[in-house]
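Visitor: A single structure is presented below for examination.
Please treat every number below as a calculation from the coordinates, not as lab data. Given the structure is predicted, the values throughout are model-derived calculations rather than measurements. Please note: Cβ atoms are built from the backbone with ideal geometry, for glycine as well, and neighbour counts cover all protein chains shown.
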Amino acid sequence: MRAGVPIVPIAVVGGPLLAGHEELYAAIERFGGAVAADGIEGGERTRPRFPTDAPFRDLLDAVIAARFDAIPDVFHRPNDALCDWLSECVTERGIRGLLCVSYTWCDLWRVEQRHLAAAVELPALFLELDGETCLSVRTLTRIEAFLESIS
């Protein structure tokens, strides 16, 4: 983080990061942001949550419910659970912006990112990445400008 720049809590959502794109988190921190909600595939959004309010016949039922019913994902229809998860994060964590990561070949995230931004009523940056092995200077500049605009 740069000296004198306030830390800006943001949510990051999207598909899995490819090799070389792990620097996304470091870039966010370098430009004054903090990932307050990690909605990337493999992030906190996709970790199973085991319901505690319903009895299960056995462990298998609990695992099936946690994996297929409790994880909010972009491909569910309707995808209210994904919007609800993101809205809860925004409210509880004081998130001020949404960074949506999609890939050229992933229609689901490209279509849903605008819906998600509207659902939480936050400024959003939509990053469409391709098979590059690292984030481009253009992408890094867009992240920096976005964080500056919401700080």
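Visitor: Would you mind computing Rg(Cα) / (2.2 N^0.38 Å) for the chain, counting N as its residues?
Guide: Dividing the Cα radius of gyration by 2.2 N^0.38 Å gives 1.11.
Visitor: Of all the stretches in the chain, which is the longest one without any exposed loop site, taking chymotrypsin sites (Phe, Trp or Tyr not before Pro) in a DSSP loop (any state but H, G, I, E, B) with at most 15 other Cβ atoms within 10 Å?
Guide: The longest uninterrupted stretch comes out as 1-55.
Visitor: As I understand it, the value is the acute angle between the Cα axis of helix 59-68 and the longest principal axis of the Cα atoms of the chain; what does it come to in degrees, rounded to 10?
Guide: Tilt relative to the chain: about 40 degrees.
Visitor: For the stretch 144-151, take each phi angle, set θ = phi - 60°, evaluate the Karplus expression 6.51 cos²θ - 1.76 cosθ + 1.60, and give the result in whole Hz per residue in order, putting x for glycine and proline.
Guide: Rounded to whole hertz, the list is 4, 5, 4, 5, 4, 6, 9, 7.
Visitor: Calculate one ³J(HN,Hα) per residue across the stretch 38-43 by plugging θ = phi - 60° into the Karplus curve 6.51 cos²θ - 1.76 cosθ + 1.60, and present them in order as whole Hz with x for glycine and proline.
Guide: Values, residue by residue: 9, x, 6, 3, x, x Hz.
Visitor: Treating only the Cβ atoms of Lys and Arg (+1) and Asp and Glu (-1) as charged, compute the dipole magnitude of the stretch 111-151 about its Cα centre; round to the nearest 20 debye.
Guide: 60
Visitor: How big is the charge dipole of the stretch 12-129 about its Cα centre, in debye rounded to the nearest 20, if each Lys and Arg gets +1 on its Cβ and each Asp and Glu gets -1 on its Cβ?
Guide: It works out to roughly 140 debye.
Visitor: Which cross-chain or sequence-distant (5 or more) residues have an amide H under 5 Å from the amide H of Leu99, H modelled 1.01 Å from N in plane?
Guide: Answer set, sorted by chain and number: Ala11, Val12, Val13, Leu125.
Visitor: Which is farthest toward the positive dipole end of the chain among Phe126, Phe31, Leu18, measuring Cα position about the Cα centre, with Cβ charges +1 (Lys, Arg) and -1 (Asp, Glu)?
Guide: Phe31
Visitor: Could you please report the charge total around Cys134, scoring K, R as +1 and D, E as -1 over all other residues with beta-carbon less than 11 angstrom from its beta-carbon?
Guide: With Lys, Arg at +1 and Asp, Glu at -1, the net is -3.
Visitor: Hey, another quick one. Viscosity 0.692 mPa s, temperature 37 °C: give me the Stokes-Einstein translational D for the stretch 63-139 in µm²/s, with Rh taken as the Kirkwood radius over C-alpha pairs.
Guide: For the chosen part, D equals 237 µm²/s.
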